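Below is one structure, written out as structure tokens, with a few remarks after it.
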Amino acid sequence: MEVFLIVCGVLLAVSAVAVSIPKLRLKGTAWTGLQSRGLSGQQVRLIGVAELAGGVGVLVGLYWTPLGVIAAVALLILLLCAIGFHVRHGDYGNPDTRAVAMPAVYLAVLAVLASIGFVFAG
């Protein structure tokens with residue numbers, strides 16, 4: 001179970017940090033897509049900060065399990081909100097926007113697996 005947790009935790013943390021950087025910098029397709037749907041730069045940066053904090057929390061959680069559980073569940077909630085946002089805007093049904101929306105689904109599955117790993121590790 002420990003190897004499972006480390007693999008899922010590191011993948012989730014690295015992925016969360018990777019998707020946060022364009023939002024923090026307000027560059028790339030994540031920024032333009034969110035901006036075109038009415039989100040301000042401040043809102044997008046706040047999402048990026050939450051993703052970055054979640055990723056760092058998951059990494060620290062590999063050493064202190066309670067923080068890992070909290071961070072993984074918080075990332076899961078954030079990702080479920082992102083999935084809802086993409087569903088509301090029809091991104092999963094549109095082949096042109098599906099590729100931008102799918103990472104939220106993959107990361108949500110990873111967050112569930114990491115959360116389970118943290119709970120069983122603690």
Enumeration of residues in the range 1-29 that are of a type outside the set (A, V, I, L, M) and in a helix (DSSP H, G or I): E2, F4, C8, G9, S15, S20, P22, K23, R25, G28, T29
Members of the range 74-122 that are within 20 Å of T32 (Cα to Cα), open to solvent by 50 Å² or more (accessible area, probe 1.4 Å) and small (G, A, S): G93, A99
Filtered residue count, the range 54-73, keeping only those that are open to solvent by less than 80 Å² (accessible area, probe 1.4 Å) and more than 19 Å from V112 (Cβ to Cβ): 2
Residue ID - farthest from L110 (Cα to Cα), chosen from residues in the range 1-28 that are open to solvent by less than 50 Å² (accessible area, probe 1.4 Å) and not aliphatic (A, V, I, L, M): G28
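The values are calculated or read from the model by the stated rules, or taken from the named source; none is laboratory data. The structure presented is a predicted model; accordingly, all values stated were derived computationally and were not measured. Backbone-built Cβ (ideal geometry, glycine too); neighbour counts: all protein chains shown. Heads up: the accessible areas ignore ligands, DNA and RNA and are worked out on the full protein's heavy atoms, side chains in. Shrake-Rupley method; radii C 1.70, N 1.55, O 1.52, S 1.80 Å.
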